[in-house]
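Okay, so here's the structure we're looking at.
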């Protein structure tokens, strides 16, 4: 219990005091995860929509595979990315190991299947509604995909949020490829893991509380945006 | 009235089957370029199915469909527009729904969009979300969007099925103006009053078969089939 009250007190004083180290860690966490989510969106939205609207042999297999990849273990992704970018790996020449870029790559691999699989579901439902009208209007396939993505934009915001939740909360992948280096690759989750292993539970918990507040704020913002969209009948 | 280039429509022995059920049974008809052709009949007669087949949204199980001697394809479909019973509007503003079909045509599409919206009486609602319009306004927007594509042939599937009489009147007036411009209209309805008001040419369907086809005046004066007589008398036709 003492740990909890100390943690709350510490979290409060860290936030109020705008601790420079803490701000650096939060900023890097956000930079890495937001970049990964943006990249995943660039790949995942069109990929999910493409699988939703096109008919090709193996489409069901692709959908099942995508759903299965949603549960990719972060440590496995971390390990694979590590092998690819370590000095002996095929991408070793890029010198990415233990850099924020490596962390972004790993999280992008983790988040892309989540965004693509959920996008497929959302777009497929909307496609059922629009399909006859679009075929009647002879809309070209690339315009169909773009229109479906645009018209489901508010649902896709929630999809993006699911991806962001996964990215900001995972520790396995970033700790392997980032190395948790102070002032370089230390993010919220790796810092929590480190402080816990050092026995500084209050600081670890304080960081955890800040992480939760961050997640809550992002969720609340998206919820507000979706509600206003629903009022406008755009969602 | 200028002639539509896509007519006549010739349909030979058209059948549509789902499993053991024959939903459309050897329908043969030639529809000429004469204003508004109305397809009437009770529910389940195969009217909407016929409309989707001649538009090319469904593959027939047997039979042939030719528009001005040409078989169905994207080329013929592109010159037609279909308005569905339940309007499918995009999750965008009224103006953006029209822009969606006009943009690929390029040029000064905004001017054309405003013309179309004025014609449909929707200009003042142009910035509203399309899905917040009333039922009648939604249907008018769907019709305006169809007309924005400059079709040779306009197909309508029960466009006034769930709207009130004032909204119906506005739609019917729009259809009359469209006919005057030389656009061929094929309209599906089960509303006898609407058929009497609009039809130049009547088709009566029942149980997947075309029972009658002829000039509207003749059909309403003396329908030849027992089912059409009963339908016009307001009896329940099964």
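Annotations for the structure displayed:
- For the range B:44-57, filtered to residues that are out of contact with any strand residue (DSSP E or B) (no Cβ under 7 Å at 6 or more places or on another chain) and within 10 Å of chain A (Cβ to nearest Cβ), the residue that is nearest to residue B:238 (Cα to Cα) is B:52.
- From B:143, B:147, residue being in contact with a strand residue (DSSP E or B) (Cβ under 6 Å, 6 or more places away or on another chain), crowded, with 16+ Cβ neighbours inside 10 Å and within 14 Å of chain A (Cβ to nearest Cβ): B:143
- Considering residues of the range B:69-93 that are more than 18 Å from the chain's Cα centre (by Cα) and at pLDDT 90 or above only, the residue nearest to residue B:50 (Cα to Cα): B:71
- Scanning the range A:134-146 for residues that are surrounded by fewer than 20 Cβ atoms within 10 Å (Cβ to Cβ) and either within 11 Å of another protein chain (Cβ to nearest Cβ) or without any contact (Cβ under 8 Å) to a residue 60 or more places away in the chain (or both), we see that the one that is nearest to the chain's Cα centre (by Cα) is A:146.
- Lone unmet requirement of (1) facing chain A (nearest Cβ under 10 Å); (2) crowded, with 21+ Cβ neighbours inside 10 Å for residue B:97: (1)
- Any hit, the range B:160-171, residues being closer than 15 Å to residue B:83 by Cα and either part of a helix (DSSP H, G or I) or free of Cβ contacts under 8 Å to residues at least 24 places away in the same chain (or both): yes
- Hey, residue A:123 within 14 Å of chain B (Cβ to nearest Cβ), part of a helix (DSSP H, G or I), buried (at least 18 other Cβ atoms within 10 Å of the Cβ) and at pLDDT 95 or above or not: yes
- In the range B:110-120, residue nearest to the other protein chains (Cβ to nearest Cβ) [restricted to those that are within 21 Å of the chain's Cα centre (by Cα) and in a helix (DSSP H, G or I)]: B:116
- The set of residues in the range B:121-132 being assigned to a helix (DSSP H, G or I) and within 14 Å of another protein chain (Cβ to nearest Cβ) consists of B:125, B:130, B:131, B:132.
- Selected residue (criterion: surrounded by the fewest Cβ atoms within 10 Å (Cβ to Cβ)) from residues of the range B:122-140 that are farther than 24 Å from residue B:47 by Cβ and in contact with a strand residue (DSSP E or B) (Cβ under 8 Å, 6 or more places away or on another chain): B:127
- Considering residues of the range A:180-235 that are part of a loop (DSSP other than H, G, I, E, B) and at pLDDT 90 or above only, the residue surrounded by the most Cβ atoms within 10 Å (Cβ to Cβ): A:187
- Checking A:229, A:173, A:169 one by one, the residue that is within 30 Å of residue B:98 (Cβ to Cβ) and in contact (Cβ under 8 Å) with a residue 12 or more places away in the chain is A:229 and no other.
- Count of the range B:58-80 residues which are at the interface with chain A (Cβ under 7 Å from one of its Cβ atoms) and touching a helix residue (DSSP H, G or I) at 6+ places or on another chain (Cβ under 7 Å): 1
- Taken together, B:175, B:203, B:187 contain a single residue that is at pLDDT 95 or above, touching a helix residue (DSSP H, G or I) at 6+ places or on another chain (Cβ under 8 Å) and not in a helix (DSSP H, G or I), which is B:187.
- Any hit, the range A:52-62, residues being assigned to a helix (DSSP H, G or I) and within 24 Å of residue A:172 (Cα to Cα): no
- Residues (in a loop (DSSP other than H, G, I, E, B) and touching a helix residue (DSSP H, G or I) at 6+ places or on another chain (Cβ under 9 Å)) located in the range A:6-27: A:19
- Considering the range A:1-60, the residues that are within 24 Å of residue A:98 (Cα to Cα) and surrounded by fewer than 12 Cβ atoms within 10 Å (Cβ to Cβ) include one that is farthest from the chain's Cα centre (by Cα), namely A:20.
- Check on residue A:84, within 14 Å of chain B (Cβ to nearest Cβ), part of a helix (DSSP H, G or I) and over 19 Å from the mean Cα position of the chain (by Cα): no
- Residue list for the range B:8-19, filter: crowded, with 18+ Cβ neighbours inside 10 Å and part of a loop (DSSP other than H, G, I, E, B): none
- Qualifying residue in the range A:100-109 (condition: within 30 Å of residue A:31 (Cα to Cα), modelled with pLDDT of 95 or more, out of contact with any helix residue (DSSP H, G or I) (no Cβ under 6 Å at 6 or more places or on another chain) and not in a helix (DSSP H, G or I)): no
The values are calculated or read from the model by the stated rules, or taken from the named source; none is laboratory data. Quick caveat: nothing in here was measured; it's all calculated off a predicted structure. Here the Cβ is made from the backbone with ideal geometry for all residues, glycine too, and neighbour counts use every protein chain on show.
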